[in-house]
Amino acid sequence: MKTRHSKTASKPLEIALGNVSVRIVPEQNVVNGATYERFTLIYFEGNERIRRRFSDLAKAKAEADLIVTKLANREGEVLKLSPADRAIYTQSVDLLRDLQAKLRAPDSIPLNYAVKEYADARRLLPACVSLKQVVDDYLVRHNQVREEKLVPDAVNEFIAAKEQAGRGDRHLRDLRCRLARFAAAFSLPVAQLTGPMLQTYLDDLDMAARSKLNTFKHIRTLIRWCVRRKYAPRDLLDELDGIEKPEAKPSPTLVFTPAELREILDATLTVRPDLVPAMVICAFCGLRTAEVLRLDWSEVRFEQGLVEVTAAKAKTATRRVVALSDAARAWLAPYVRSEGPVSPVNGENRLHDAVVAALRQCRAARKAKLPFRWKRNGLRHAFCSYRLSVTQDLNRVALEAGNSPAMIHAHYKELVPAADAQAWFNTLPPENPASGKVIPLPAIAA
């Protein structure tokens, strides 16, 4: 047995026997202001690191001699193998030592630990697939990732890119709201996301099915963007395809009746006449509320009888032109300007709230018992439904509404009576607001 002493008392000493060694580390222990020497004996039992403390160096050495002898005897028992088994054992230990050197690991890799790790991995694989094949696939997958990017950082960069691309304020607000919640849930690199993680996140969201679907669409767009930026492997897209998405039931298409349109326009004319142009263009041209809020009077070509929705202001980023009906021209005539915003109100909710407030005020003046029921997107839905009833031309209405013929057919086909369609486009302004008489303009042409 060899004992290798350190040159100074403050350094550890090592007691070895064969290939087995233990260390004694001198330390100073302070108790109630007094300093005492303490000696810690350190050795390994299998994978477990053992530390035992002694106040006397001689006792620590005696215990170290006993332990190193026991450990060496165990090693001797192991080496009482056949020549072939001994060769396998020593070769395995040499391989682990080479691996330790390559990994620059501070501690040796126990043989039993390496065998256990192999066995655990092997149990999970089909017999025809080797562990090396799995590792090769892993390396190929992760070589697709050029830069490790945390999910919160990727979300911020993604939204900044959308801002730079000029996406609309409403779209950006929706992105920030939905993806901020997603970023808060995953403080890990994007490349470490998995399909099961995303499935659990989607399932646990406390919201309606439609909102879950909208959230998932934003997450999918984010991940596709991350794959293009080399922040995530392409395999993550395959895992996205396997996610079970909630089934959102389509909401009913609610439209305003001609009588309700008359009440809306009369109320705004009486209480908020500055809102009349926005309501008229929604009702008779079918623009989305967000598109009307972006519309400028320079794009209302009154003399030509049309409204231009530029690609920059359209939801679908596609330019379209909508004709002004006779009723629309009659309502807009007193308000036409060369330039400036058509709507004096910013924000969809603010516009709707202002119109509903005008309706309530007028109903209160008439002492009406029931409140006016506002129908979300009701003016646009009404335009599409009544316009399709008048023209019977899916493609024409789809172009005017900025939608697909399939969507027009699915949501607006045979939704309203033909008589109501004629009445809608003949809702004309009063000749004198106090008299209630209307201007006798001809009906809209099909």
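I'd like the full set of residues that are part of a helix (DSSP H, G or I) and among the polar types (S, T, N, Q), limited to region 134-189.
Across region 134-189, the qualifying residues are Asn143, Asn156, Gln164.
When Arg210 is tested against the conditions (1) under 30 Å from Pro417 (Cβ atoms); (2) more than 18 Å from the chain's Cα centre (by Cα), the lone failure is (2).
Would you confirm, using the coordinates I've provided, whether Ser389 is surrounded by 14 or more Cβ atoms within 10 Å (Cβ to Cβ), touching a residue at least 24 places away in the same chain (Cβ under 8 Å), among the hydroxyl-bearing types (Ser, Thr, Tyr) and in contact with a His (Cβ under 9 Å, 6 or more places away or on another chain)?
It is false that Ser389 is surrounded by 14 or more Cβ atoms within 10 Å (Cβ to Cβ), touching a residue at least 24 places away in the same chain (Cβ under 8 Å), among the hydroxyl-bearing types (Ser, Thr, Tyr) and in contact with a His (Cβ under 9 Å, 6 or more places away or on another chain).
Asp174 falls short on exactly one of the conditions (1) touching a helix residue (DSSP H, G or I) at 6+ places or on another chain (Cβ under 7 Å); (2) closer than 28 Å to Asp206 by Cα; (3) touching a residue at least 40 places away in the same chain (Cβ under 8 Å); (4) not hydroxyl-bearing (Ser, Thr, Tyr), and that condition is (1).
Hand me the list of strands (runs of 3 or more DSSP E) wholly inside region 13-116 holding 2 or more residues that are exposed (fewer than 11 other Cβ atoms within 10 Å of the Cβ) and free of Cβ contacts under 8 Å to residues at least 24 places away in the same chain.
Details: elements: 13-17, 20-31, 34-45, 48-54.
Here the list reads 20-31, 34-45, 48-54.
Of all residues assigned to region 284-298, none qualifies as being under 30 Å from Ala208 (Cα atoms), in contact with a helix residue (DSSP H, G or I) (Cβ under 7 Å, 6 or more places away or on another chain) and without any contact (Cβ under 8 Å) to a residue 40 or more places away in the chain. Between Ala248, Ala259, the distinction of being touching a helix residue (DSSP H, G or I) at 6+ places or on another chain (Cβ under 8 Å) and either at pLDDT 90 or above or of a type outside the set (S, T, N, Q) (or both) belongs to Ala248 only.
From Ser338, Ser325, which residue is more than 21 Å from Gly378 (Cα to Cα) and of a type in the set (Gly, Ala, Ser)? Give the derivation first.
On the way: Ser325 fails: more than 21 Å from Gly378 (Cα to Cα).
Of the residues listed, the single one that is more than 21 Å from Gly378 (Cα to Cα) and of a type in the set (Gly, Ala, Ser) is Ser338.
Of the residues making up region 364-371, not a single one is small (Gly, Ala, Ser), on the phi < 0 side of the Ramachandran plot, outside the structural domain of Gly286 (by TED's automatic domain parsing) and surrounded by fewer than 16 Cβ atoms within 10 Å (Cβ to Cβ). Taking the numbered list (1) surrounded by fewer than 16 Cβ atoms within 10 Å (Cβ to Cβ); (2) touching a residue at least 12 places away in the same chain (Cβ under 8 Å); (3) on the phi < 0 side of the Ramachandran plot in turn, Gly166 passes all entries but (3).
Name the residue that is farthest from Arg146 (Cα to Cα), counting only residues in region 216-251 that are part of a helix (DSSP H, G or I) and among the acidic types (Asp, Glu).
Of all residues in region 216-251, those part of a helix (DSSP H, G or I) come to 216-228, 235-241.
Subsequent filtering for residues that are among the acidic types (Asp, Glu) retains 235, 238-239, 241.
Numbers: Asp235: 15, Asp238: 19, Glu239: 20, Asp241: 23 Å.
Once the filter is applied, the top-ranked residue is Asp241.
The values are calculated or read from the model by the stated rules, or taken from the named source; none is laboratory data. Values in this document were obtained by computation on a predicted structure and should not be read as measured data. No Cβ is skipped: glycine too gets one built from the backbone with ideal geometry, and neighbour counts run over all protein chains shown.
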